[in-house]
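Sending over a structure as structure tokens; questions will come in a sec.
FYI, it's all coordinate maths here, none of it is from the lab. Source: prediction; values computed, not measured. With ideal geometry, Cβ positions are generated from the backbone for all residues, glycine too; neighbour counts draw on all protein chains shown.
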Amino acid sequence: MPRMYGWAVLGARIGGRSRPDGMPVLDETHPLFLFAMDQRSSLLEHTYDESGGEPLDEAEAERVRAGKQLVYRGVLTALAAGASRERTGVLVDERYGADVARLVKEAGLQLAMPIERSGREWFELEYGEDWVAHVDAFDPDWVKVLVRDNPDFDAERRERQASELADIAGVLHGAGRPFLVELLVPATDEQRASVEDYDRDLRPDLVVQVIEYLQDHGVEADVWKLEGLDERADAERVVRAVRRGGRDAVQCIVLGRDAPEEQLDHWLRTAAGVDGFVGFAIGRSNWEEPLEDVVREHLDTEAAEGLIAANYRHFVDTWLEARPGIEHGVDAGAV
């Protein structure tokens, strides 16, 4: 049996219709559209032409912080144009986005924050043994970890990683904090060579295997943030996996993975029609090109904010059009 302090205790909070703590309900008719901007090492490398090595000097760090604030203004532009505050969340890091995180809380939006160190092959805590103090200081609605796993990865490393994640889940649930697990299942060279299309032909099976492995090792997520799936049947299989053994309140959201818009739209439409998928967390597809254009001095900031807002609204509209029964009124729970 899974540990009872996790999903069973938080089930009423995450999946219930009534939330005495004041947090929004999260279910198929009350989706969450997370605007993700917690990238760190990849952001430095691809947008700012830095090596990704840290620490940056203060001038370089301030440049990155300013970029995060510009991206957040794109979120505010979307809200001003009618995006639902109830459904909008922001996933942002402390390292370069602390000011944004505080603004998100002040604005009454849902805040998600990562606790993993960026750019690592295996999970590692950003602030080591002090991580709980950092979470408490910002009081996010969702505490997120990014984990890479695959059944063909080194068995000892997998077990060590799962054990650490299980400990983190226990601490968070003991404090009444929901746990959001972002799961990537990258292909090995042999796996990619064995099929025509890894994402379509093999990854869905591996995702189910990894979820069950992590659950069996005590990693009890309240929300799984997962790579998109091409087929509805695969999305339904994944939901059955995350909810097996009585985990009925556990939910899934779709991550963007910087996929081309056409592919991402397909992933969103596929997931939106499946009970158990309740939204998305999309990042670079919203802001990467506009931010890079500003950094390289080809675009003014106001135009960039407008493009970021339009990109976000496009993905929200894509989800809402694929999910019948959700109100489309301005600030009545839709965009």
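Ignoring the sites themselves, what is the longest stretch of the chain with no GluC sites (Glu not before Pro) in a DSSP loop and at most 12 other beta-carbon atoms within 10 Å?
Numbers: sites that count: 121, 196, 231, 297, 327.
Excluding the exposed sites themselves, the longest stretch runs over 1-120.
Is there a quick way to get the dipole size of the chain? I mean about its Cα centre, with the Cβ of Lys and Arg at +1 and of Asp and Glu at -1; what is the value in debye to the nearest 20? Can you show the working numbers first?
Values: 38 positive and 68 negative charges, 281 e Å.
Rounded to the nearest 20 debye, it is 1340 debye.
Modelled label-to-label distance, residue 138 and residue 244, 7 Å Cα→beta-carbon offset: nm?
Each label point lies 7 Å from its Cα, and together they span 3.3 nm.
In the chain, what percentage of the DSSP-assigned beta bridges are antiparallel, given to the nearest 5?
Working: 2 of 35 bridges.
DSSP beta bridges in the chain are roughly 5 percent antiparallel.
Got a sec? How would 285, 194 order by Cβ neighbour count within 10 Å, fewest to most?
On the way: 285 19, 194 12.
Least to most surrounded, the residues fall as 194, 285.
Same structure, new question: Can you tell me which lysines have their Cα less than 18 Å from the Cα of residue 144? Leave out same-chain residues fewer than eight positions away.
105, 225
Multiply the residue separation of residue 175 and residue 317 by 0.36 nm, subtract the distance between their alpha-carbon atoms, and state the gained length in nm to one decimal.
Details: separation 142, 0.36 × 142 = 51.12 nm, distance 3.52 nm.
Working it through step by step, the gained length comes to 47.6 nm.
List the trypsin sites (Lys or Arg not before Pro) within segment 99-190 that fall in a DSSP loop (any state other than H, G, I, E or B) and whose Cβ has at most 15 other Cβ atoms within 10 Å. Write out the running numbers ahead of the final one.
Numbers: sites: 102, 105, 117, 120, 144, 148, 157, 158, 160; in loops: 117, 120.
Sparse-neighbourhood loop trypsin sites (Lys or Arg not before Pro): 120.
At 7 Å along Cα-to-Cβ for each site, give me the label-to-label distance between residue 195 and residue 213 in nm.
Calculated label separation equals 1.5 nm.
Extending each Cα 7 Å along its Cβ direction at residue 302 and residue 85, get the distance between those two points in nm, one decimal.
Reported label-point gap for residue 302 and residue 85 is 2.5 nm.
A further question follows. For the chain, calculate the relative contact order in percent as a whole number, restricting contacts to Cα pairs under 8 Å that are 6 or more residues apart. The partial results should precede the final answer.
On the way: 581 pairs, mean separation 78.6, N = 335.
Across the chain, relative contact order equals 23 percent.
Between residue 247 and residues 5 or more places away or on another chain, which pairs have amide H atoms under 5 Å apart, with H built 1.01 Å from N, and which residues are they?
Residues meeting the amide H criterion: none.
Give me the extension gain from residue 129 to residue 62: residue separation times 0.36 nm, minus the current Cα-Cα distance, reported in nm with one decimal. The partial results should precede the final answer.
Working: separation 67, 0.36 × 67 = 24.12 nm, distance 2.63 nm.
Net length gain for the segment: 21.5 nm.
Moving on to the next point. By count of other Cβ within 10 Å, fewest leading, how are 77, 88 ordered? Walk me through the numbers on the way to the answer.
On the way: 77 20, 88 23.
The order, fewest Cβ neighbours first, is 77, 88.
May I ask you to sort 75, 294 by Cβ crowding, counting other Cβ atoms within 10 Å and putting the fewest first? Numbers along the way, then the final one.
Working: 75 27, 294 21.
The fewest-first ordering by Cβ neighbours comes to 294, 75.
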